[in-house]
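Okay, structure first, notes after.
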Amino acid sequence: MMAFFERLLWGSRLSVVTGVLACVLAAFVIFALGLKDLIHLFALLWSYIVTSNLDVRVELVMVVVELLDTFLLGSVLLIFAFGLYELFISNIDVADKQESGGKILVISSIDSLKSKLGKVILMMLVIKVFAYFNELKPTSMIELLYMAIIVVLVALALMLSKDKAKP
């Protein structure tokens, strides 16, 4: 009875495949949205070349920022899918045989998965701050000071998220 329960419990880890497939599918959807934004970017670029309108230029910059954000979100979903699969199901043998396989993702625990996801999410937040600053026009010295403090805090967060050098 105990052996049957343990086999059943061990087999239940395969239910994680549902989450892996959902994340991969969602990543493809996000990448498709990114491609749509890329087409919009080219249309804006053409419009800017023809008109040299400053409003079009501002929108062009914002679309580039949104593109970065979109593709980073797709990357987060793929990292999460790879991590879940490697932690609960099996190592990805195809990645082990590829030269770039070891560079993309090495996940040995939930903590390493959280660390990798945290860094990508931090980059998404940096992009959001940049987009916010692009729209913000400070009207007083205190607003400019607040912006400077935010930049320092973002730099500090990036510095703290950097991997420590191993001796």
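Annotations
- The distance between label points at ILE110 and LEU153 comes to 2.9 nm (points 7 Å beyond Cα on the Cα→Cβ vector).
- A prolate overall shape is assigned to the chain, the ratio a/c of its alpha-carbon gyration tensor axes (a ≥ b ≥ c) being 1.5 or greater and a/b exceeding b/c.
- Lysine pairs in the chain with Cα atoms under 21 Å, if 8 or more residues apart or on separate chains: 21
- FRET efficiency estimate (nearest 0.05) - Cβ-Cβ, LEU160 to SER12, R0 35 angstrom: 0.40
- Applying the criteria of a DSSP loop state and at most 11 other Cβ atoms within 10 Å to the GluC sites (Glu not before Pro) of the stretch 1-101 yields GLU99.
- Degrees between helix 2-11 axis and first principal axis of the chain (Cα, 0 to 90, nearest 10): 30 degrees
- Dividing the summed -39500 (n - 2.57) terms of all DSSP H runs of n ≥ 4 by the residue count of the chain sets its mean residue ellipticity at 222 nm at -27000 deg cm²/dmol.
Every number here is computed from the coordinates shown, using simple stated rules; none is lab data. Given the structure is predicted, the values throughout are model-derived calculations rather than measurements. Please note: Cβ atoms are built from the backbone with ideal geometry, for glycine as well, and neighbour counts cover all protein chains shown.
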